[in-house]
């Protein structure tokens, strides 16, 4: 009986253990299945998020591509309109030429018919005269010619004088109409170049940072750029004063970068000024490309186009040289079209007629001579060079294009408000000031500031000693007194600065 009880208990225990293991296995399977379903659901959610993000990016890319395509289509339409306009002008000119050719043919035929009638009348008169006077045909011809010459000489002379006078009056009238037409078809605003620029400040605190401790920042900035910073009581504004537009633009760009960056100290100032100079050089290339595109001139060397952009920072009697050149090119194109000569050559010559002024402060010679050498270097066609060198009549005009460029340049320069002699004289005086100081040995840089009342001369400390600075200042002042005429007095400020740089490694 006990054995049976043990066996039964053992069976019940085995069955219970097997049931428990199966229950645990089922619970574990359910747990794994729940985890798998959760993982699958999480994966589906992440997949949905990835798909939505990809869709958003795809929509953005499509929008950008669509905008870019619309911009390109707009540009293509603008180019197409210009081409259609030029094609219409060309067709109109061709029709005019065909009409003139037909008129000439008609007039030629009328002249031939008239000559036939004259020959017939002449022959009839000769026969009548020979019959009456019993002369040979040769004798009759000579007699008739003498009689006609005698009777018609006075009338013929009067007729020639009248035709000459009427022709001159008509030519003068045509010239006036042509010039007026060119001036009416192209108009541009004129404003004399100023010698100051302003930079807005975010707050008044920045003024103190620009000045720096004991003025070291403003001194470093003025030395690096060659301009004068005017910091007065005007709220949130700094004025940059310099007669050289390029220096002024470099200084403005550098100052704006320093204000935006917030780090204003001498070493940082020099670094930012160098970057601003590089930026202005790139800007000149872009300006030159825009000018060439605006005028419609093609085939110029990229380096020559960069020199065209450099004219943006040159003035002539207060007039911006680049704007003057662009305006002269448009006017020259209009005149050339009216006269039936090569429009492209006229535009190119007018655009480049003052190209020598881009380098006239770096190379010896007149701007015409410098311009001729520049154009020859970049293989510009001879017709353009001839027109450029003759636009001031220093050499003889060789073609109609030279006359057109001269007229276009004169029209652009003569407009009311386009030029001011006082500005040009002022700039020349400051340039002469700097040139006098730069002629001395040991001088590195010279800047004329405060409207020419002060000149700052930076010297090489290895060549000029502290003692030699006194003699140099006196010599510069003496030369200025001898060579220049100016009101008041000019302060000569000679600056010697030594720098020693070493690196710890």
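The values are calculated or read from the model by the stated rules, or taken from the named source; none is laboratory data. Predicted model, so just to flag it, every value in this text is computed and none were measured. Cβ placement follows ideal geometry from the backbone for every residue including glycine, while neighbour counts extend to all protein chains displayed.
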**Q.** All positions within the stretch 347-398 that are in a loop (DSSP other than H, G, I, E, B) and buried (at least 20 other Cβ atoms within 10 Å of the Cβ)
**A.** 352, 353, 354, 380, 390, 391
Q: Kindly indicate which of 266, 245, 235 is farther than 19 Å from residue 322 by Cα and at pLDDT below 85.
A: 235
Q: May I ask you to verify whether residue 354 is at pLDDT 85 or above, in the same structural domain as residue 386 (by TED's automatic domain parsing) and touching a helix residue (DSSP H, G or I) at 6+ places or on another chain (Cβ under 7 Å)?
A: no
(Q) Looking at 284, 344 in this structure, which one is at pLDDT below 85 and not in a loop (DSSP other than H, G, I, E, B)? (A) 284
**Q.** Out of 171, 255, 201, sole residue that is touching a strand residue (DSSP E or B) at 6+ places or on another chain (Cβ under 8 Å), farther than 26 Å from residue 428 by Cα and at pLDDT below 85
**A.** 201
(Q) Restricting to the stretch 461-485, count the residues that are surrounded by fewer than 15 Cβ atoms within 10 Å (Cβ to Cβ) and within 20 Å of residue 242 (Cβ to Cβ). (A) 1
Q) Conditions: (1) assigned by TED's automatic domain parsing to the domain that holds residue 211; (2) without any contact (Cβ under 8 Å) to a residue 60 or more places away in the chain. Residue 288 meets all but one. Number of the miss? A) (1)
Q | Residue check, residue 449 modelled with pLDDT of 75 or more, on the phi < 0 side of the Ramachandran plot and touching a strand residue (DSSP E or B) at 6+ places or on another chain (Cβ under 8 Å) | A | yes
Q) What number of residues within the stretch 486-495 are surrounded by fewer than 17 Cβ atoms within 10 Å (Cβ to Cβ) and at pLDDT 75 or above? A) 4
Q.
Filter the stretch 286-308 down to the residues that are surrounded by 24 or more Cβ atoms within 10 Å (Cβ to Cβ) and either touching a strand residue (DSSP E or B) at 6+ places or on another chain (Cβ under 9 Å) or within 23 Å of residue 427 (Cα to Cα) (or both) and list them by number.
A. 308
Q) Just one of the numbered conditions (1) without any contact (Cβ under 8 Å) to a residue 12 or more places away in the chain; (2) out of contact with any helix residue (DSSP H, G or I) (no Cβ under 8 Å at 6 or more places or on another chain) is not true of residue 268; which one? A) (2)
(Q) Looking at the stretch 299-310, can you tell me whether even one residue there is outside any helix (DSSP H, G or I) and in contact with a helix residue (DSSP H, G or I) (Cβ under 7 Å, 6 or more places away or on another chain)? (A) yes
Q.
Considering only the stretch 452-460, I want to know if a residue exists there that is under 16 Å from residue 244 (Cβ atoms) and modelled with pLDDT under 85.
A. yes
